[in-house]
1. Check whether at least one residue in segment 3-16 is in a loop (DSSP other than H, G, I, E, B), at pLDDT below 95 and more than 30 Å from residue 203 (Cβ to Cβ), and report yes or no.
2. Only one of (1) within 22 Å of residue 214 (Cβ to Cβ); (2) of a type in the set (Ser, Thr, Tyr); (3) open to solvent by less than 50 Å² (accessible area, probe 1.4 Å) is not met by residue 249, so which one is it?
3. So residue 297 clears everything in (1) open to solvent by less than 30 Å² (accessible area, probe 1.4 Å); (2) touching a strand residue (DSSP E or B) at 6+ places or on another chain (Cβ under 9 Å); (3) not basic (Lys, Arg) except one condition, right? Which one?
4. Can you confirm whether residue 237 is closer than 24 Å to residue 137 by Cα and either free of Cβ contacts under 8 Å to residues at least 40 places away in the same chain or more than 13 Å from the chain's Cα centre (by Cα) (or both)?
5. Within segment 88-122, how many residues turn out to be more than 15 Å from residue 61 (Cα to Cα) and assigned to a helix (DSSP H, G or I)?
6. I need the full set of residues from segment 161-181 which are outside any helix (DSSP H, G or I), in contact (Cβ under 8 Å) with a residue 60 or more places away in the chain, in contact with a helix residue (DSSP H, G or I) (Cβ under 9 Å, 6 or more places away or on another chain) and open to solvent by 20 Å² or more (accessible area, probe 1.4 Å), in order please.
7. Does segment 236-249 contain any residue that is under 28 Å from residue 68 (Cα atoms) and not in a helix (DSSP H, G or I)?
8. Check residue 226 against each of (1) touching a Cys at 6+ places or on another chain (Cβ under 9 Å); (2) free of Cβ contacts under 8 Å to residues at least 24 places away in the same chain and name the one condition it does not meet.
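The values are calculated or read from the model by the stated rules, or taken from the named source; none is laboratory data. Here the structure is a predicted model, which is why all the values come from computation and not from measurement. Virtual Cβ from ideal backbone geometry, glycine too; neighbours counted across all protein chains shown. The accessibility values were calculated without ligands, DNA or RNA, using every heavy atom of the protein model including side chains. Shrake-Rupley method; radii C 1.70, N 1.55, O 1.52, S 1.80 Å.
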Amino acid sequence: MRIRSLLAALALLLGAAAPLSASEGPLVTTEWLERNLDNPKVRVVEVSVEPGLFERGHIPGAQNVAWHTDLVETVTRDIAGPEKFQALARRLGVDRDTTVVLYGDNNNWFAAWGAWVFAQYGLVDNVKLLDGGRRKWEAEKRPLGIRAAEVAPSRFTVAATDPGLRARLPEVLAVAKGERRARILDIRSPDEFSGKVIAPQGVQELAIRAGHIPGSVNVPWARAVNADGTLKSRDELKKLYAEAGIDGSVPVITTCRIGERSSHSWFVLSRVLGYEAKNYDGSWTEYGNTVGVPIVNLAGTVWGGK
């Protein structure tokens, strides 16, 4: 730690580790993050789904955020409200001039969810994803620690949420009925999209019906990712989505099952490609369970039967 601290201090003196100039884009590399672990203007936050993963070892100096309690309201199905988010940001030592690096397991699904929640409270350009997430960090045998980080609380003051980042059921339904101009991007697996299965095997959040929202196109989230978990190049991503009719010319609404995989694609479209995009966190568990809304079921399944 002493050597890394000296290197970080030297880099700061040389201007090489200034967080906002060295990481102007929405992603940071594992190399950049390791150089900046002791940078006082950088906060590292893990948002993983596997219980106990953080406690068994994490990026040194990282703090743990539980997506299903810290980032949501546990009684109402909603993102963390203003008071709760303000308390979280202060606990993390995050302010509007802090570079926040989010990472996690499952190819950064819930880290991207975190970035989406942070963005709604005005923390956008200074919030980054670690490209490749926890998987790449571990594969490269970079350091892991088990000590809890000690950071000084910030004085972050919450602002009103940005409604332009979140799609609600009435808006999605209007697009499905052709009453509103937007593209709906369903990033679930082809079997979920067709209605062959309601959800991936073993998950708890289910809908009564299987299928997809009328007019939506299917580009599974994993097609945007390389074998090592990093995102594909910007040109590759533009080509991938353009082939499905998504080129940034009209707004995009991303959707999946509960909004976590779709937040990954929202991050790609919004932060990497600069497209106007919203995440529909109600996703299929809301839409597929709603009475009276149209669906498309290519597999012909009805309530799980043929």
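1. Within segment 3-16 (the criterion being in a loop (DSSP other than H, G, I, E, B), at pLDDT below 95 and more than 30 Å from residue 203 (Cβ to Cβ)), the answer is yes, since at least one residue qualifies.
2. (3)
3. Looking at each condition in turn, residue 297 falls short on (1).
4. Criteria met by residue 237.
5. Residues in segment 88-122 being more than 15 Å from residue 61 (Cα to Cα) and assigned to a helix (DSSP H, G or I): 18 in total.
6. 161, 166, 181
7. No, the conditions are met nowhere in segment 236-249.
8. (1)
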